[in-house]
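Reviewing the structure listed below.
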Amino acid sequence: MNVLLIGSGGREHALAWKLAQSPRLGKLYAAPGNPGIAEAAELVALDPADHRAVIDFCRRHSIGLVVIGPEAPLVDGLADNLRTTGIPVFGPNRIPAQLEGSKGFTKDLCARAGIPTAGYARVSDRLAAEAALPDFGLPVVIKADGLAAGKGVIIAETEAEAAAALDTMFDGSFGAAGAELVIEEYMTGEEVSFFALVDGETVLPFGSAQDHKRVGDGDTGPNTGGMGAYSPASIFTPDLETRALDEIVRPTARALAEAGTPYSGILYAGLMLTSEGPKLVEYNARFGDPECQVLMMRLDSDLLDLMLATATGELADATPPRFRPDVALTVVMAAKGYPGTPEKGGAIGGLDAAEATGAKVFHAGTAQDGGKLVANGGRVLNVTALGPTVLEAQAAAYAALDAIDFPTGFCRRDIGWREVARLKG
Ligand code: AMP
Ligand code: GLY
(Lines give C-alpha, C1' and ligand atoms only; values in the text may rest on other atoms or scores of the structure.)
(Ligands and ions follow the chains in the order given, each with its own letter.)
Protein backbone atom coordinates (compact mmCIF):
# COMPACT_ATOMS: atom_id res chain seq x y z
CA MET A 1 0.00 0.00 0.00
CA ASN A 2 1.25 3.47 -0.89
CA VAL A 3 1.06 6.11 1.84
CA LEU A 4 1.28 9.90 1.75
CA LEU A 5 2.53 11.55 4.94
CA ILE A 6 1.84 15.27 5.41
CA GLY A 7 4.32 17.28 7.51
CA SER A 8 7.98 18.13 7.90
CA GLY A 9 9.04 17.88 11.56
CA GLY A 10 10.56 15.41 14.00
CA ARG A 11 7.14 13.91 14.62
CA GLU A 12 6.76 13.12 10.93
CA HIS A 13 10.29 11.70 10.72
CA ALA A 14 9.42 9.31 13.56
CA LEU A 15 6.15 8.34 11.83
CA ALA A 16 7.95 7.81 8.49
CA TRP A 17 10.65 5.70 10.18
CA LYS A 18 8.03 3.50 11.84
CA LEU A 19 5.76 3.25 8.77
CA ALA A 20 8.79 2.15 6.73
CA GLN A 21 9.11 -0.91 9.02
CA SER A 22 5.70 -2.21 7.92
CA PRO A 23 5.80 -5.17 5.53
CA ARG A 24 2.54 -3.84 4.04
CA LEU A 25 4.07 -0.54 2.98
CA GLY A 26 4.50 -0.08 -0.76
CA LYS A 27 5.86 3.36 -1.44
CA LEU A 28 5.96 6.15 1.14
CA TYR A 29 5.68 9.74 -0.02
CA ALA A 30 6.07 12.77 2.25
CA ALA A 31 4.97 16.34 1.61
CA PRO A 32 7.00 18.42 2.11
CA GLY A 33 9.15 16.22 4.39
CA ASN A 34 12.75 16.96 5.45
CA PRO A 35 16.22 15.43 4.88
CA GLY A 36 15.67 12.83 7.63
CA ILE A 37 12.27 11.82 6.28
CA ALA A 38 13.95 11.41 2.86
CA GLU A 39 15.74 8.33 4.29
CA ALA A 40 12.37 6.58 4.35
CA ALA A 41 10.18 8.41 1.85
CA GLU A 42 10.17 10.15 -1.50
CA LEU A 43 9.70 13.87 -0.86
CA VAL A 44 7.08 15.66 -2.92
CA ALA A 45 6.57 19.39 -3.27
CA LEU A 46 2.86 19.45 -2.46
CA ASP A 47 1.20 22.32 -0.61
CA PRO A 48 -1.08 20.74 2.06
CA ALA A 49 -3.28 23.85 1.84
CA ASP A 50 -4.03 23.01 -1.81
CA HIS A 51 -6.50 20.19 -1.17
CA ARG A 52 -7.21 19.65 -4.87
CA ALA A 53 -3.49 19.12 -5.56
CA VAL A 54 -3.25 16.62 -2.67
CA ILE A 55 -6.27 14.69 -3.98
CA ASP A 56 -4.86 14.66 -7.53
CA PHE A 57 -1.54 13.37 -6.20
CA CYS A 58 -3.30 10.58 -4.28
CA ARG A 59 -5.16 9.47 -7.39
CA ARG A 60 -2.08 9.52 -9.61
CA HIS A 61 0.02 7.56 -7.10
CA SER A 62 -2.62 5.07 -5.89
CA ILE A 63 -2.40 6.31 -2.30
CA GLY A 64 -4.22 3.94 0.08
CA LEU A 65 -3.76 6.09 3.20
CA VAL A 66 -2.96 9.73 3.93
CA VAL A 67 -1.41 10.42 7.35
CA ILE A 68 -1.74 14.04 8.47
CA GLY A 69 0.93 14.94 11.05
CA PRO A 70 0.36 18.59 12.06
CA GLU A 71 -2.77 20.36 13.34
CA ALA A 72 -3.07 23.15 10.77
CA PRO A 73 -4.18 20.96 7.80
CA LEU A 74 -6.64 19.15 10.12
CA VAL A 75 -8.25 22.37 11.31
CA ASP A 76 -8.24 23.48 7.66
CA GLY A 77 -10.39 20.47 6.63
CA LEU A 78 -7.90 18.50 4.52
CA ALA A 79 -9.17 15.23 6.03
CA ASP A 80 -12.81 16.08 5.14
CA ASN A 81 -11.93 16.68 1.51
CA LEU A 82 -9.89 13.48 1.24
CA ARG A 83 -12.64 11.41 2.89
CA THR A 84 -15.27 12.90 0.58
CA THR A 85 -13.29 11.55 -2.36
CA GLY A 86 -12.99 8.10 -0.76
CA ILE A 87 -9.31 8.30 0.26
CA PRO A 88 -8.68 6.82 3.74
CA VAL A 89 -7.14 9.35 6.13
CA PHE A 90 -5.45 9.12 9.52
CA GLY A 91 -6.54 12.34 11.23
CA PRO A 92 -9.83 13.95 12.24
CA ASN A 93 -12.15 16.09 10.14
CA ARG A 94 -12.37 19.86 10.62
CA ILE A 95 -15.10 19.89 13.27
CA PRO A 96 -13.69 17.20 15.60
CA ALA A 97 -10.25 18.81 15.11
CA GLN A 98 -11.79 21.79 16.91
CA LEU A 99 -10.82 19.88 20.06
CA GLU A 100 -7.44 21.46 19.34
CA GLY A 101 -8.53 24.37 17.14
CA SER A 102 -10.84 26.01 19.68
CA LYS A 103 -10.33 25.89 23.44
CA GLY A 104 -13.91 27.12 23.92
CA PHE A 105 -15.26 24.25 21.79
CA THR A 106 -13.48 21.75 24.05
CA LYS A 107 -14.55 23.42 27.28
CA ASP A 108 -18.21 23.49 26.14
CA LEU A 109 -18.01 19.81 25.18
CA CYS A 110 -16.52 18.97 28.61
CA ALA A 111 -19.29 20.90 30.33
CA ARG A 112 -22.00 19.08 28.35
CA ALA A 113 -20.46 15.62 28.89
CA GLY A 114 -19.45 16.12 32.56
CA ILE A 115 -15.72 15.70 31.81
CA PRO A 116 -13.42 16.84 34.64
CA THR A 117 -11.53 20.01 33.68
CA ALA A 118 -10.86 23.51 35.05
CA GLY A 119 -13.87 25.84 35.50
CA TYR A 120 -14.00 28.43 32.69
CA ALA A 121 -15.67 31.37 31.01
CA ARG A 122 -15.67 32.20 27.27
CA VAL A 123 -15.41 35.90 26.53
CA SER A 124 -15.03 37.87 23.32
CA ASP A 125 -14.44 41.41 24.54
CA ARG A 126 -12.52 43.19 27.22
CA LEU A 127 -15.52 44.23 29.33
CA ALA A 128 -16.80 40.68 29.55
CA ALA A 129 -13.28 39.47 30.41
CA GLU A 130 -12.93 42.03 33.22
CA ALA A 131 -16.34 41.07 34.55
CA ALA A 132 -15.42 37.37 34.57
CA LEU A 133 -11.95 37.63 36.13
CA PRO A 134 -13.00 38.04 39.80
CA ASP A 135 -14.80 34.67 39.67
CA PHE A 136 -11.48 32.86 39.28
CA GLY A 137 -9.17 34.22 41.98
CA LEU A 138 -5.40 34.10 41.42
CA PRO A 139 -3.46 32.72 39.70
CA VAL A 140 -5.79 32.73 36.71
CA VAL A 141 -5.25 31.20 33.27
CA ILE A 142 -6.03 33.29 30.18
CA LYS A 143 -6.04 31.57 26.79
CA ALA A 144 -6.51 32.63 23.18
CA ASP A 145 -9.32 30.45 21.80
CA GLY A 146 -7.66 29.43 18.53
CA LEU A 147 -4.39 27.88 17.34
CA ALA A 148 -1.48 29.97 18.64
CA ALA A 149 1.49 27.61 18.20
CA GLY A 150 1.70 26.94 21.92
CA LYS A 151 2.02 30.64 22.79
CA GLY A 152 -1.60 31.53 23.50
CA VAL A 153 -1.68 30.69 27.23
CA ILE A 154 -0.84 33.19 29.98
CA ILE A 155 -0.85 32.27 33.66
CA ALA A 156 -1.36 35.53 35.58
CA GLU A 157 -0.24 35.59 39.22
CA THR A 158 -1.51 39.09 40.02
CA GLU A 159 -4.37 41.38 38.96
CA ALA A 160 -1.86 43.56 37.10
CA GLU A 161 -0.57 40.54 35.17
CA ALA A 162 -4.13 39.54 34.33
CA ALA A 163 -4.85 43.04 33.02
CA ALA A 164 -1.64 42.96 30.97
CA ALA A 165 -2.60 39.54 29.60
CA LEU A 166 -5.94 40.94 28.42
CA ASP A 167 -4.06 43.82 26.73
CA THR A 168 -1.85 41.34 24.87
CA MET A 169 -4.74 39.09 23.91
CA PHE A 170 -7.00 41.86 22.65
CA ASP A 171 -4.33 43.95 20.87
CA GLY A 172 -4.35 41.62 17.88
CA SER A 173 -1.07 39.80 18.68
CA PHE A 174 -2.84 36.48 18.27
CA GLY A 175 -4.89 37.53 15.24
CA ALA A 176 -8.16 35.63 14.91
CA ALA A 177 -6.94 33.14 17.56
CA GLY A 178 -7.14 35.90 20.19
CA ALA A 179 -10.45 37.46 19.20
CA GLU A 180 -12.07 35.12 21.68
CA LEU A 181 -10.65 34.06 25.03
CA VAL A 182 -11.14 31.33 27.57
CA ILE A 183 -10.53 32.30 31.19
CA GLU A 184 -9.82 29.30 33.40
CA GLU A 185 -9.44 28.26 36.98
CA TYR A 186 -5.79 27.41 37.77
CA MET A 187 -5.20 23.71 38.44
CA THR A 188 -2.27 22.25 40.36
CA GLY A 189 -0.65 18.85 39.91
CA GLU A 190 1.74 17.06 37.60
CA GLU A 191 1.03 17.08 33.87
CA VAL A 192 1.09 13.98 31.67
CA SER A 193 0.33 13.41 28.02
CA PHE A 194 -1.97 10.50 27.25
CA PHE A 195 -2.59 9.23 23.72
CA ALA A 196 -5.43 7.15 22.29
CA LEU A 197 -6.40 5.90 18.87
CA VAL A 198 -10.03 6.79 18.23
CA ASP A 199 -12.31 5.74 15.37
CA GLY A 200 -15.69 7.14 16.24
CA GLU A 201 -16.54 5.34 19.48
CA THR A 202 -13.76 2.76 19.75
CA VAL A 203 -10.86 4.02 21.84
CA LEU A 204 -7.53 2.17 22.15
CA PRO A 205 -4.97 3.60 24.60
CA PHE A 206 -1.67 4.42 22.90
CA GLY A 207 0.69 5.17 25.76
CA SER A 208 1.77 8.05 27.95
CA ALA A 209 4.64 10.54 27.94
CA GLN A 210 5.88 13.66 29.66
CA ASP A 211 7.59 16.54 27.95
CA HIS A 212 9.67 19.51 29.09
CA LYS A 213 8.13 22.75 27.88
CA ARG A 214 10.59 25.33 29.28
CA VAL A 215 13.72 26.10 27.31
CA GLY A 216 16.20 25.90 30.19
CA ASP A 217 17.49 23.33 32.68
CA GLY A 218 15.45 23.09 35.86
CA ASP A 219 12.32 24.15 33.91
CA THR A 220 13.40 27.78 33.59
CA GLY A 221 12.99 30.35 30.81
CA PRO A 222 10.26 30.74 28.21
CA ASN A 223 7.91 28.02 26.98
CA THR A 224 8.78 26.06 23.86
CA GLY A 225 7.07 23.38 21.78
CA GLY A 226 8.95 20.87 23.97
CA MET A 227 12.68 20.38 24.63
CA GLY A 228 12.54 16.66 25.28
CA ALA A 229 10.23 13.84 26.35
CA TYR A 230 10.10 10.32 27.66
CA SER A 231 7.64 7.46 27.63
CA PRO A 232 6.05 5.92 29.60
CA ALA A 233 5.29 8.35 32.44
CA SER A 234 5.43 6.06 35.48
CA ILE A 235 3.27 8.46 37.52
CA PHE A 236 0.42 7.63 35.13
CA THR A 237 -0.50 4.29 36.73
CA PRO A 238 -2.87 1.76 35.11
CA ASP A 239 -5.52 2.95 37.57
CA LEU A 240 -5.11 6.59 36.46
CA GLU A 241 -5.19 5.46 32.81
CA THR A 242 -8.49 3.66 33.41
CA ARG A 243 -9.94 6.78 35.03
CA ALA A 244 -8.71 9.00 32.19
CA LEU A 245 -10.26 6.65 29.62
CA ASP A 246 -13.58 6.31 31.45
CA GLU A 247 -13.98 9.90 32.65
CA ILE A 248 -12.30 11.90 29.88
CA VAL A 249 -11.38 10.24 26.58
CA ARG A 250 -14.33 7.87 26.02
CA PRO A 251 -16.98 10.47 26.95
CA THR A 252 -15.30 12.88 24.51
CA ALA A 253 -15.39 10.35 21.67
CA ARG A 254 -19.01 9.52 22.51
CA ALA A 255 -20.08 13.17 22.60
CA LEU A 256 -18.51 13.85 19.19
CA ALA A 257 -20.01 10.69 17.67
CA GLU A 258 -23.46 11.57 19.05
CA ALA A 259 -23.16 15.05 17.54
CA GLY A 260 -22.63 13.42 14.14
CA THR A 261 -18.99 14.58 14.00
CA PRO A 262 -17.03 11.48 15.03
CA TYR A 263 -13.33 11.77 15.83
CA SER A 264 -10.90 9.62 13.82
CA GLY A 265 -7.16 9.60 14.43
CA ILE A 266 -4.89 10.00 17.43
CA LEU A 267 -6.29 11.98 20.34
CA TYR A 268 -3.69 13.58 22.60
CA ALA A 269 -5.04 14.46 26.03
CA GLY A 270 -2.94 16.84 28.12
CA LEU A 271 -3.92 15.89 31.68
CA MET A 272 -3.35 17.44 35.09
CA LEU A 273 -3.08 14.83 37.83
CA THR A 274 -4.84 16.75 40.59
CA SER A 275 -5.65 15.63 44.13
CA GLU A 276 -9.17 14.91 42.82
CA GLY A 277 -7.93 12.76 39.94
CA PRO A 278 -7.01 13.39 36.30
CA LYS A 279 -8.46 16.55 34.75
CA LEU A 280 -8.23 17.68 31.14
CA VAL A 281 -5.90 20.62 30.44
CA GLU A 282 -6.20 20.53 26.68
CA TYR A 283 -6.67 18.26 23.69
CA ASN A 284 -4.53 18.05 20.59
CA ALA A 285 -5.81 16.41 17.41
CA ARG A 286 -2.43 14.93 16.50
CA PHE A 287 0.62 13.24 17.98
CA GLY A 288 2.73 15.38 20.28
CA ASP A 289 6.08 16.60 19.06
CA PRO A 290 8.49 15.32 20.50
CA GLU A 291 6.21 12.85 22.36
CA CYS A 292 5.59 10.98 19.09
CA GLN A 293 9.29 10.23 18.76
CA VAL A 294 9.41 8.34 22.07
CA LEU A 295 6.13 6.52 21.39
CA MET A 296 7.41 5.33 18.00
CA MET A 297 10.67 4.09 19.57
CA ARG A 298 8.66 1.93 21.97
CA LEU A 299 5.95 0.75 19.58
CA ASP A 300 6.25 -2.94 18.73
CA SER A 301 3.11 -3.18 16.58
CA ASP A 302 2.79 -2.40 12.89
CA LEU A 303 1.97 1.33 12.74
CA LEU A 304 0.48 1.09 9.25
CA ASP A 305 -1.98 -1.62 10.37
CA LEU A 306 -3.09 0.50 13.32
CA MET A 307 -3.44 3.69 11.29
CA LEU A 308 -5.39 1.91 8.57
CA ALA A 309 -7.71 0.26 11.11
CA THR A 310 -8.32 3.71 12.60
CA ALA A 311 -8.95 5.31 9.21
CA THR A 312 -11.38 2.60 8.10
CA GLY A 313 -13.31 2.36 11.39
CA GLU A 314 -12.05 -1.14 12.23
CA LEU A 315 -10.33 -0.46 15.55
CA ALA A 316 -12.87 -2.63 17.43
CA ASP A 317 -11.41 -5.70 15.65
CA ALA A 318 -7.78 -4.58 15.69
CA THR A 319 -5.08 -6.03 17.93
CA PRO A 320 -4.37 -3.33 20.55
CA PRO A 321 -0.98 -1.62 20.18
CA ARG A 322 1.92 -3.32 21.93
CA PHE A 323 4.82 -1.35 23.41
CA ARG A 324 8.23 -2.50 24.59
CA PRO A 325 8.62 -2.30 28.35
CA ASP A 326 11.73 -0.12 27.87
CA VAL A 327 11.78 3.61 28.53
CA ALA A 328 12.37 5.84 25.51
CA LEU A 329 13.82 9.32 25.98
CA THR A 330 14.41 12.06 23.43
CA VAL A 331 16.51 15.21 23.77
CA VAL A 332 15.83 18.14 21.44
CA MET A 333 18.81 19.97 19.94
CA ALA A 334 17.59 23.45 19.09
CA ALA A 335 19.26 26.29 17.21
CA LYS A 336 20.60 29.14 19.36
CA GLY A 337 17.93 31.82 19.72
CA TYR A 338 15.00 29.36 20.01
CA PRO A 339 12.19 29.92 21.04
CA GLY A 340 12.83 33.48 19.79
CA THR A 341 14.52 33.83 16.41
CA PRO A 342 16.64 30.72 15.81
CA GLU A 343 19.97 30.95 14.00
CA LYS A 344 19.58 29.36 10.58
CA GLY A 345 22.19 27.60 8.46
CA GLY A 346 24.48 26.25 11.22
CA ALA A 347 26.41 23.15 10.07
CA ILE A 348 25.50 19.75 11.53
CA GLY A 349 27.82 16.74 11.57
CA GLY A 350 28.38 13.48 13.42
CA LEU A 351 24.91 11.99 12.96
CA ASP A 352 26.36 8.63 11.84
CA ALA A 353 28.53 8.51 14.95
CA ALA A 354 25.48 9.34 17.08
CA GLU A 355 23.41 6.56 15.51
CA ALA A 356 26.31 4.10 15.77
CA THR A 357 25.64 4.14 19.53
CA GLY A 358 22.22 2.58 18.86
CA ALA A 359 20.24 5.81 19.23
CA LYS A 360 18.00 7.26 16.53
CA VAL A 361 18.35 10.88 15.46
CA PHE A 362 15.11 12.29 14.09
CA HIS A 363 15.32 15.43 11.98
CA ALA A 364 12.99 18.22 13.10
CA GLY A 365 14.33 21.34 11.37
CA THR A 366 17.16 20.49 8.98
CA ALA A 367 17.89 21.26 5.33
CA GLN A 368 20.45 20.26 2.73
CA ASP A 369 22.65 23.12 1.61
CA GLY A 370 25.04 22.22 -1.21
CA GLY A 371 25.30 18.62 0.01
CA LYS A 372 25.77 19.67 3.65
CA LEU A 373 23.25 19.25 6.43
CA VAL A 374 22.33 22.55 8.13
CA ALA A 375 19.90 23.84 10.75
CA ASN A 376 16.65 25.16 9.31
CA GLY A 377 14.29 25.75 12.22
CA GLY A 378 13.99 26.23 15.98
CA ARG A 379 13.99 22.61 17.03
CA VAL A 380 16.55 20.90 14.79
CA LEU A 381 17.25 17.31 15.94
CA ASN A 382 15.61 14.83 18.33
CA VAL A 383 18.19 12.44 19.74
CA THR A 384 16.21 9.41 20.89
CA ALA A 385 17.25 6.28 22.77
CA LEU A 386 15.81 3.28 24.60
CA GLY A 387 16.90 1.77 27.91
CA PRO A 388 15.59 -0.65 30.52
CA THR A 389 15.21 2.29 32.91
CA VAL A 390 14.99 6.05 32.47
CA LEU A 391 18.56 6.39 33.72
CA GLU A 392 19.89 4.14 30.98
CA ALA A 393 17.71 5.72 28.30
CA GLN A 394 18.89 9.16 29.43
CA ALA A 395 22.56 8.12 29.44
CA ALA A 396 22.19 6.57 25.96
CA ALA A 397 20.47 9.65 24.51
CA TYR A 398 23.12 12.05 25.88
CA ALA A 399 25.99 9.75 24.77
CA ALA A 400 24.61 9.89 21.22
CA LEU A 401 23.99 13.64 21.45
CA ASP A 402 27.57 14.25 22.55
CA ALA A 403 28.77 12.61 19.31
CA ILE A 404 26.95 15.29 17.28
CA ASP A 405 28.84 18.31 16.01
CA PHE A 406 26.38 21.22 15.92
CA PRO A 407 28.18 24.36 17.19
CA THR A 408 25.17 26.65 16.77
CA GLY A 409 22.88 24.25 18.64
CA PHE A 410 21.99 23.78 22.29
CA CYS A 411 20.00 21.39 24.43
CA ARG A 412 18.77 20.85 27.96
CA ARG A 413 20.97 18.50 29.99
CA ASP A 414 18.25 17.37 32.41
CA ILE A 415 15.60 15.71 30.22
CA GLY A 416 13.85 13.06 32.28
CA TRP A 417 14.62 14.65 35.65
CA ARG A 418 11.19 13.97 37.20
CA GLU A 419 11.35 10.31 36.26
CA VAL A 420 14.96 10.01 37.43
CA ALA A 421 13.99 11.58 40.76
CA ARG A 422 11.12 9.10 41.11
CA LEU A 423 13.39 6.17 40.30
CA LYS A 424 15.99 7.26 42.82
CA GLY A 425 13.18 7.78 45.38
P1 AMP B 1 -2.50 24.45 26.84
O2 AMP B 1 -2.02 25.05 25.56
O3 AMP B 1 -3.95 24.62 27.11
O4 AMP B 1 -1.99 23.05 27.06
O5 AMP B 1 -1.70 25.24 27.98
C6 AMP B 1 -0.29 25.27 27.99
C7 AMP B 1 0.20 25.00 29.39
O8 AMP B 1 -0.35 25.94 30.29
C9 AMP B 1 -0.22 23.64 29.94
O10 AMP B 1 0.63 22.61 29.54
C11 AMP B 1 -0.18 23.90 31.42
O12 AMP B 1 1.16 23.80 31.89
C13 AMP B 1 -0.62 25.33 31.54
N14 AMP B 1 -2.06 25.39 31.81
C15 AMP B 1 -3.05 25.49 30.90
N16 AMP B 1 -4.25 25.51 31.50
C17 AMP B 1 -4.02 25.44 32.81
C18 AMP B 1 -4.87 25.44 33.98
N19 AMP B 1 -6.19 25.54 33.88
N20 AMP B 1 -4.27 25.34 35.18
C21 AMP B 1 -2.92 25.26 35.31
N22 AMP B 1 -2.09 25.27 34.26
C23 AMP B 1 -2.62 25.35 33.03
N1 GLY C 1 5.04 18.81 22.87
C2 GLY C 1 3.78 19.40 22.98
C3 GLY C 1 2.94 19.33 21.78
O4 GLY C 1 3.20 18.63 20.83
O5 GLY C 1 1.90 20.01 21.75
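The values are calculated or read from the model by the stated rules, or taken from the named source; none is laboratory data. Remember, it's a predicted structure, so these values are computed and weren't measured experimentally. As a convention, Cβ positions derive from the backbone with ideal geometry for all residues, glycine included, and neighbour counts pool all protein chains shown. Remember, those area values only see protein heavy atoms, side chains included, never the ligands or the DNA or RNA. Shrake-Rupley method; radii C 1.70, N 1.55, O 1.52, S 1.80 Å.
Scanning the range 214-239 for residues that are assigned to a loop (DSSP other than H, G, I, E, B), surrounded by fewer than 19 Cβ atoms within 10 Å (Cβ to Cβ) and polar (S, T, N, Q) turns up 234, 237. Residues in the range 146-170 that are open to solvent by less than 30 Å² (accessible area, probe 1.4 Å) and either in contact with a strand residue (DSSP E or B) (Cβ under 6 Å, 6 or more places away or on another chain) or within 16 Å of ligand 2 (Cβ to nearest atom) (or both): 146, 148, 152, 156, 162, 165, 169.
In summary, strands (runs of 3 or more DSSP E) completely within the range 301-420 and bearing 3 or more residues that are touching a Leu at 6+ places or on another chain (Cβ under 6 Å) and not charged (D, E, K, R) occur at 327-335.
To keep it simple, each residue is scored yes or no on (1) among the β-branched types (Val, Ile, Thr); (2) within 16 Å of ligand 2 (Cβ to nearest atom); (3) at pLDDT 95 or above; (4) farther than 22 Å from residue 309 by Cβ.
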position	(1), (2), (3), (4)
242	yes, no, yes, yes
249	yes, no, yes, no
255	no, no, yes, yes
267	no, yes, yes, no
278	no, no, yes, yes
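Of the residues in the range 240-249, none is in a strand (DSSP E or B) and either surrounded by fewer than 23 Cβ atoms within 10 Å (Cβ to Cβ) or among the polar types (S, T, N, Q) (or both).
Scanning the range 176-210 for residues that are within 14 Å of ligand 2 (Cβ to nearest atom) and open to solvent by 40 Å² or more (accessible area, probe 1.4 Å) yields a count of 1. Scanning the range 88-122 for residues that are crowded, with 23+ Cβ neighbours inside 10 Å and on the phi > 0 side of the Ramachandran plot returns a single hit, 91. Annotation: residue 133 fulfils all but one of (1) assigned to a loop (DSSP other than H, G, I, E, B); (2) in contact with a strand residue (DSSP E or B) (Cβ under 8 Å, 6 or more places away or on another chain); the unmet one is (1).
Filtering the range 283-340 to residues that are more than 16 Å from ligand 2 (Cβ to nearest atom), of a type in the set (S, T, N, Q) and either within 27 Å of residue 106 (Cα to Cα) or in contact (Cβ under 8 Å) with a residue 24 or more places away in the chain (or both) leaves 310, 312.
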